[in-house]
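These notes are about the structure you will find just below.
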Amino acid sequence: MSTTKSEKYDDAKLYKEPFSISQLIMGLLFGTYFLTVQTIELSLSTYVLQENKLDLYRDYLIFKGQAPIWKWWQLVSTIIIPLSIITAVRDLFQIFTRKSTTRRNLIDIVTALQLFGVLYTVFTGVLPLDNKLIQEASKHNVYKLNFLHWIVFLLNILGWFIPIFRYQDWKNDERLHPKKKIE
């Protein structure tokens, strides 16, 4: 019994889209970028706490807001945020509407938790504390900021590994890559 091209296409629409090598590369590229930026932020806040140089962090925040190239690069890199939100919400919605492996569904849930955890921490914690520190540097606020940077740093490490997990799941999906029968 042969299947037609239309039947194969209809069957493929029932499943979540496979994770390609280009998605793996882009995920690792963006993950590396955000992890590097977060490593710098965490390193600086830790250094400022250890050396008690609160004005250094304040000066860094002022510089970061006024740096000619950096502020435009940050603006361009924020385009990734809405695209990531749309993708995460789509993948969560597809848990209920499309077929996939249990591992893929868990990866999609972890991806959404990681993304929304980073965004929540940055927008409700880090950015307001940055603004407070620009006005007045206090050790208590730098300590809280350092703690939040640790949270974002750990979530970014997880985010760096997620594309690898998704790619591994795709490579191990027997529906997409059937194992050859040994006779």
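For segment 81-135, which residues satisfy the criterion of being among the charged types (D, E, K, R) and part of a helix (DSSP H, G or I)?
Keep residues of segment 81-135 that are among the charged types (D, E, K, R), which gives 90-91, 98-99, 103-104, 108, 130, 132.
ARG90, ASP91, ARG103, ARG104, ASP108, ASP130, LYS132, listed by residue number.
Keeping to segment 101-117, report how many residues are without any contact (Cβ under 8 Å) to a residue 40 or more places away in the chain, touching a helix residue (DSSP H, G or I) at 6+ places or on another chain (Cβ under 7 Å) and over 13 Å from ARG90 (Cα atoms).
Residues in segment 101-117 being without any contact (Cβ under 8 Å) to a residue 40 or more places away in the chain, touching a helix residue (DSSP H, G or I) at 6+ places or on another chain (Cβ under 7 Å) and over 13 Å from ARG90 (Cα atoms): 1 in total.
So if I check each of LYS16, LYS53, LYS64, which one is among the basic types (Lys, Arg) and under 22 Å from ASN156 (Cβ atoms)? Spell out the reasoning first.
On the way: LYS16 fails: under 22 Å from ASN156 (Cβ atoms); LYS53 fails: under 22 Å from ASN156 (Cβ atoms).
After applying the criteria, what remains is LYS64.
Test each condition in (1) among the acidic types (Asp, Glu); (2) more than 13 Å from GLU41 (Cβ to Cβ); (3) crowded, with 17+ Cβ neighbours inside 10 Å for GLU136 and report the one that comes out false.
Status for GLU136: all satisfied but (3).
Any residue at all in segment 121-132 that's under 21 Å from MET26 (Cα atoms) and of a type outside the set (D, E, K, R)?
Within segment 121-132 (the criterion being under 21 Å from MET26 (Cα atoms) and of a type outside the set (D, E, K, R)), the answer is no, since none of the residues qualifies.
Restrict the check to segment 54-68 and report whether at least one residue is of a type in the set (Lys, Arg) and modelled with pLDDT of 90 or more.
From segment 54-68, those of a type in the set (Lys, Arg) are 58, 64; that's our starting set.
Now drop any that are not modelled with pLDDT of 90 or more, which leaves 58.
Yes, segment 54-68 contains at least one residue that is of a type in the set (Lys, Arg) and modelled with pLDDT of 90 or more.
With (1) under 30 Å from ILE21 (Cα atoms); (2) at pLDDT 95 or above; (3) surrounded by fewer than 18 Cβ atoms within 10 Å (Cβ to Cβ) as the list, and ASN156 as the residue in question, which single condition is left unmet?
(3)
Kindly indicate whether any position in segment 16-28 is in contact with a helix residue (DSSP H, G or I) (Cβ under 9 Å, 6 or more places away or on another chain), within 22 Å of LEU145 (Cα to Cα) and touching a residue at least 12 places away in the same chain (Cβ under 8 Å).
We begin by selecting, within segment 16-28, every residue in contact with a helix residue (DSSP H, G or I) (Cβ under 9 Å, 6 or more places away or on another chain); these are 16-21, 23-28.
Filter once more, so that each one left must be within 22 Å of LEU145 (Cα to Cα): none.
Within segment 16-28 (the criterion being in contact with a helix residue (DSSP H, G or I) (Cβ under 9 Å, 6 or more places away or on another chain), within 22 Å of LEU145 (Cα to Cα) and touching a residue at least 12 places away in the same chain (Cβ under 8 Å)), the answer is no, since none of the residues qualifies.
The values are calculated or read from the model by the stated rules, or taken from the named source; none is laboratory data. What you see is a predicted model, and the numbers here were worked out from it, not measured in a lab. When we count neighbours, we look across all protein chains shown, and the Cβ atoms used for this are built from the backbone with ideal geometry, even at glycine.
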